[in-house]
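To start, the structure itself, in structure tokens.
The values are calculated or read from the model by the stated rules, or taken from the named source; none is laboratory data. Note that the structure is predicted; figures quoted are calculated from it, not measured. With ideal geometry, Cβ positions are generated from the backbone for all residues, glycine too; neighbour counts draw on all protein chains shown. To get the accessible areas, we keep the full protein, side chains included, count just its heavy atoms, and leave off ligands, DNA and RNA. Shrake-Rupley method; radii C 1.70, N 1.55, O 1.52, S 1.80 Å.
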Amino acid sequence: MLKRRILGGLLSAIIAMSVFCVSAPTALAAEDGAVGYTLPEGTTVYADSALLVNLGSDIDRDVVLYAKAADEVRAPGAMMRFMVVAYTLHRLEQTGMDIDAVTGAYTVEMFNNYVAGTGVPTANMQFGETWTLRDLLTIAFIQNASDAVTVLACTLDGSVPAFIEGMNALANEIGCDYTHFSNLTGLDSLGQYTTPRDMYRIIRYAQRFSVFEDIVGNRQYTVKPIAGGTERTMWSVNSMQQSSSAFYYSPLAFSRTGLSEHEGRTCASVARDSGYEYLVVVMSCPETNAAGESGLHYRDTRTLFRWAFNKFEHATVLAKSEILASVKVRLAWNTDHVNLVPAKEFSTVVESSLDPDQVIKKVTVYESEIEAPVTKGTVLGKVELIVNVDQKIGEVDLVAADELNRSWLLYAFSGLGGFFTSPWFWLGIGLLILLIVGYVLLNITYNRRRRRDRLQRVKRH
């Protein structure tokens, strides 16, 4: 009886283990830069940092065409007025204030605390003179007027420090990791810095407000004080917006310059022509070049705009139906692979001389083999689009082109095959061998005992 109980327990354990190994499903396989061109030979950009971007219908469709130390921290000078505009429009949206109804008045305290002794230009506001927020913001931008921007800050946030704190919070919110402000004048300060790429982010954020370009696009503007002062017209201080200037650039939509005493001149601008829109930011431009030419921030800006408008065009470089790779598929009845195609058509701005065949398509497949079922559109890889050997112009997900169902017959055979090759199977075989050996030894011991007992009975009789 003892022998039968031992053998029965071992057999039950092996059977239970075998059932588990066959019925347990096999684990499924997982399913699922530096961008820019090189300037033409002979083209010079004097700025230490620069950025040229083709602006798409939204920020996700923007294309960086040229970057030079675009993430290096620089002094912005008065170019920081783009952040003044962006934050003001942000606050108006938050508070519901009317840009044409809310007004602010210039005071002696404002003059003494934030304007006197700075050397920053003013709009010659008189004490007690009252303007609308639109007038204050527009003149603060196009004239770099320190009195107007001070009244604006105190009207919106109660004080200049509170306004600056709000600007810094917004900069952080929109991803400007290398930007900080400590004043509204644009004067050099250890706590006042940004980068070309962060300035691009600020401008793109501000463009979401419909009134933005009504403010920054003015080449001249007439202020009509609500109280005190007299009506007067003021002009933009930006030479690229003045038709009488040698630096005038007609496609310019808006622009703001700045001057750092220690790092030179800056300029951030947007221009449009023939259905194309480009943004240029240049920072840390010297006053003159080796030939003694001045206005290098204007020259750099114009150089980059002209290159963009003359040498680039919009083109489709990747069709949605283009098969770029395939992945091996197990457990599908009528096929052993699935083709990978781009998740979407990819169109972008490229050099007009570019032959589509010159675009390098660097394909990365995440898994060399997967199991059915496969859902059409499942992301299984990516393709990077590269020109001129190492210039990345875009990246698109690669997805399964077809829907593949699982063959349950193949799945069942796979389960059996998996069982016979699994460690559980070999553990079961080992236990079975031990069981057999134990059974044999038990039988030998049992038979020997029976013979001994029989001999003893014979001897007694």
| query | Residues Val327, Val349: which one is within 30 Å of Asn310 (Cα to Cα) and touching a Gly at 6+ places or on another chain (Cβ under 9 Å)? | reply | Val349
| task | Confirm whether Ser353 is more than 30 Å from Asp198 (Cα to Cα), surrounded by fewer than 21 Cβ atoms within 10 Å (Cβ to Cβ), at pLDDT below 95 and out of contact with any Lys or Arg (no Cβ under 9 Å at 6 or more places or on another chain). | result | no
| note | Taking region 351-367 and keeping only residues that are of a type outside the set (A, V, I, L, M, F, W, C) and not in a loop (DSSP other than H, G, I, E, B), one is left with Glu351, Pro356, Asp357, Gln358, Lys361, Lys362, Thr364
| Within the bounds of region 297-309, is there any residue that is part of a loop (DSSP other than H, G, I, E, B) and not hydroxyl-bearing (Ser, Thr, Tyr)? | no
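Yes or no, residue by residue, for (1) hydroxyl-bearing (Ser, Thr, Tyr); (2) open to solvent by less than 20 Å² (accessible area, probe 1.4 Å); (3) within 25 Å of Thr257 (Cβ to Cβ); (4) part of a loop (DSSP other than H, G, I, E, B):
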position	(1), (2), (3), (4)
Gly128	no, no, no, yes
Leu137	no, yes, yes, no
Ala148	no, yes, yes, no
Leu187	no, no, yes, yes
| field | Sole residue being under 31 Å from the mean Cα position of the chain (by Cα), open to solvent by less than 30 Å² (accessible area, probe 1.4 Å) and either closer than 24 Å to Ala67 by Cα or polar (S, T, N, Q) (or both), chosen from Ile202, Ile215 | value | Ile202
| query | Can you name the number of the only condition in (1) of a type outside the set (Gly, Ala, Ser); (2) crowded, with 19+ Cβ neighbours inside 10 Å; (3) within 21 Å of Ser236 (Cβ to Cβ) that Asn124 fails? | reply | (2)
| Given the residues Thr316, Thr348, which is the only one that is part of a strand (DSSP E or B), at negative phi and surrounded by fewer than 13 Cβ atoms within 10 Å (Cβ to Cβ)? | Thr316
| said: Looking at region 233-264 only, could you name the residues that are open to solvent by 50 Å² or more (accessible area, probe 1.4 Å) and touching a strand residue (DSSP E or B) at 6+ places or on another chain (Cβ under 8 Å)? | reply: Thr233, Trp235, Val237, Gln242, Leu259, Glu263
| request: Mind listing whichever residues of region 295-312 are under 14 Å from Gly42 (Cα atoms) and either over 28 Å from the mean Cα position of the chain (by Cα) or open to solvent by less than 10 Å² (accessible area, probe 1.4 Å) (or both)? | output: Asp300, Leu304
| note | Checked region 265-294 for anything open to solvent by 10 Å² or more (accessible area, probe 1.4 Å) and touching a helix residue (DSSP H, G or I) at 6+ places or on another chain (Cβ under 8 Å); matches are Arg265, Asp273, Ser274, Tyr276, Pro286, Glu287, Thr288, Asn289, Glu293
| query | Out of region 319-330, which residues are assigned to a strand (DSSP E or B) and under 10 Å from Ala401 (Cα atoms)? | reply | Ser326
| query | In region 191-232, how many are over 25 Å from Glu93 (Cα atoms) and not in a helix (DSSP H, G or I)? | reply | 12
| request: Take region 365-399 and flag every residue that is among the charged types (D, E, K, R) and either closer than 19 Å to Val327 by Cβ or in contact with a Gly (Cβ under 9 Å, 6 or more places away or on another chain) (or both). | output: Glu367, Glu369, Glu371, Lys376, Lys382, Glu384, Lys392, Glu395, Asp397
